[in-house]
């Protein structure tokens, strides 16, 4: 746990200096941070057992977002992403949020849903009644599958049944609600669903096909908010412009797709860094946003003082036990940097980053435009692609931005002239 996530001039340090500063602030040593700062120290033997046909690695840039104060606690937040400006934007938004206490979050608990699909049920509506009558026995059978989860306070909590109409006729869908504690829970809920399948067949007289979790984790939602001071924003008119930009996304799915993508820029980066399943998080977020018509995952309004209040409501099925989070050395290091102790704490952090990212994007769009900050950072990538190294990267990038011609060909021309000098 870090005492203060505010690091003055962190972006001005060299990569080596940042790594040293990170070690000082977190108290983590070479064993933990080594694989994070030097990809060559990641044991390929470990990776070879994670997926099939391993031939190497695909390293992503991993930055540290600063300034985050969440539920009264400071965090340094690892973010793995290839897109420029994301880490800087999140850090700046977090700095602005600190004036009014940072981010505060709550949640609905770590509940996941497993679905058991029964087809060819002779009398689906009466079968629904019979399944519900057997609920207690079914819950007990589910819990018998995972005594360790039960020991840690989790387990099957409830059961619900729906009859749905489909292109191939009615289906009886039994949904098992499971508290997965600090696990994402896919393996646990799938195992429980498998155990219930033959019993469901016997009760309903139908045939069970799919038995698998749903990534629409509507019962595992995080809600987070932050207040942004109107003076720091640049005036109440900027707050109004941000609200108008959000309202555009709420009203128009074409705008909303990019709006929500910006939220996921921040969220996915932390999810990937901690070894969690970013595809599951993406699926859950966008399907949740689509319920009732595709809408924004965030909301914006002004309080009585005229300050901007942003909030986010999003499913967040992440875990700290099992999977890459425990196996991958970089993921383990990122979890230690965060200092989170539960999956729900991690979920609060990730949702806060999503809100920060969205606020930063809307502020840029509503004032200076998104391209100004984005292109200045993109110019560094272009300069490096053209062959610039060391200090020349910034020199070439600055020239590209000044000329408003961020192209590799122009970068090469500038670089050649500098080398001749």
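The values are calculated or read from the model by the stated rules, or taken from the named source; none is laboratory data. The shown structure was predicted, so the numbers you read here are calculated from the model rather than taken from an experiment. Using ideal geometry, Cβ is built from the backbone for each residue, glycine included, and neighbour counts are taken over all protein chains shown.
Could you list, in sequence order, the residues of the stretch 304-319 that are on the phi < 0 side of the Ramachandran plot, surrounded by fewer than 23 Cβ atoms within 10 Å (Cβ to Cβ) and assigned to a loop (DSSP other than H, G, I, E, B)? Spell out the reasoning first.
At the first step, the residues of the stretch 304-319 found to be on the phi < 0 side of the Ramachandran plot are 304-305, 307-319.
If we keep only those that are surrounded by fewer than 23 Cβ atoms within 10 Å (Cβ to Cβ) as well, we get 304-305, 307, 309, 311, 313.
Of everything in the stretch 304-319, those that are on the phi < 0 side of the Ramachandran plot, surrounded by fewer than 23 Cβ atoms within 10 Å (Cβ to Cβ) and assigned to a loop (DSSP other than H, G, I, E, B) turn out to be 304, 305, 307.
Quick one: is residue 34 exposed (fewer than 12 other Cβ atoms within 10 Å of the Cβ) and either modelled with pLDDT under 95 or out of contact with any strand residue (DSSP E or B) (no Cβ under 7 Å at 6 or more places or on another chain) (or both)?
On the way: exposed (fewer than 12 other Cβ atoms within 10 Å of the Cβ): no; either modelled with pLDDT under 95 or out of contact with any strand residue (DSSP E or B) (no Cβ under 7 Å at 6 or more places or on another chain) (or both): yes.
In short, no.
Inspect the stretch 144-156 for any residue being in contact with a helix residue (DSSP H, G or I) (Cβ under 7 Å, 6 or more places away or on another chain), touching a residue at least 40 places away in the same chain (Cβ under 8 Å) and not assigned by TED's automatic domain parsing to the domain that holds residue 344 and give the result as yes or no.
yes
Could you name every one of the helices (runs of 4 or more DSSP H) located completely within the stretch 170-276 that has at least 2 residues being free of Cβ contacts under 8 Å to residues at least 60 places away in the same chain and within 20 Å of the chain's Cα centre (by Cα)? Steps first, please.
On the way: elements: 186-204, 230-233, 236-251, 253-273.
Because the criterion is at least 2 residues that are free of Cβ contacts under 8 Å to residues at least 60 places away in the same chain and within 20 Å of the chain's Cα centre (by Cα), the helices (runs of 4 or more DSSP H) in the stretch 170-276 that meet it are 253-273.
Considering only the stretch 72-109, state which residues are under 23 Å from residue 332 (Cα atoms) and either crowded, with 24+ Cβ neighbours inside 10 Å or in contact with a strand residue (DSSP E or B) (Cβ under 9 Å, 6 or more places away or on another chain) (or both).
Within the stretch 72-109, 74, 75, 76, 77, 78, 79, 80, 81, 86, 87, 90, 91 qualify.
Being at pLDDT below 95 and either in the same structural domain as residue 266 (by TED's automatic domain parsing) or within 30 Å of residue 275 (Cα to Cα) (or both), is that true of even one residue in the stretch 405-415? Give the derivation first.
Pass one, the stretch 405-415, residues at pLDDT below 95: 405-415.
Retained after the next criterion (residues that are either in the same structural domain as residue 266 (by TED's automatic domain parsing) or within 30 Å of residue 275 (Cα to Cα) (or both)): none.
The answer is no, given that none of the residues of the stretch 405-415 is at pLDDT below 95 and either in the same structural domain as residue 266 (by TED's automatic domain parsing) or within 30 Å of residue 275 (Cα to Cα) (or both).
Any residue at all in the stretch 48-67 that's in contact (Cβ under 8 Å) with a residue 24 or more places away in the chain, over 19 Å from residue 266 (Cα atoms) and surrounded by 14 or more Cβ atoms within 10 Å (Cβ to Cβ)?
The answer is no; no qualifying residue exists.
Which one of 112, 171 is within 22 Å of residue 342 (Cα to Cα), modelled with pLDDT of 95 or more and touching a strand residue (DSSP E or B) at 6+ places or on another chain (Cβ under 6 Å)?
112
Would you call residue 2 crowded, with 18+ Cβ neighbours inside 10 Å, touching a strand residue (DSSP E or B) at 6+ places or on another chain (Cβ under 7 Å) and at pLDDT below 95?
For residue 2, the condition - crowded, with 18+ Cβ neighbours inside 10 Å, touching a strand residue (DSSP E or B) at 6+ places or on another chain (Cβ under 7 Å) and at pLDDT below 95 - is met.
Which residues, counting only those in the stretch 366-383, are modelled with pLDDT of 85 or more and within 23 Å of residue 12 (Cβ to Cβ)? Steps first, please.
Pass one, the stretch 366-383, residues modelled with pLDDT of 85 or more: 366, 382-383.
Scanning the stretch 366-383 gives 382, 383.
Would you mind stating whether residue 9 is free of Cβ contacts under 8 Å to residues at least 60 places away in the same chain, out of contact with any strand residue (DSSP E or B) (no Cβ under 7 Å at 6 or more places or on another chain) and within 17 Å of residue 103 (Cβ to Cβ)?
The answer is no for residue 9.
Can you tell me which residues in the stretch 110-138 are over 16 Å from residue 173 (Cβ atoms) and surrounded by fewer than 20 Cβ atoms within 10 Å (Cβ to Cβ)? Write out each step before concluding.
Step one: filter the stretch 110-138 for residues over 16 Å from residue 173 (Cβ atoms), giving 110-111, 122, 133, 136-137.
Of everything in the stretch 110-138, those that are over 16 Å from residue 173 (Cβ atoms) and surrounded by fewer than 20 Cβ atoms within 10 Å (Cβ to Cβ) turn out to be 122, 133, 136, 137.
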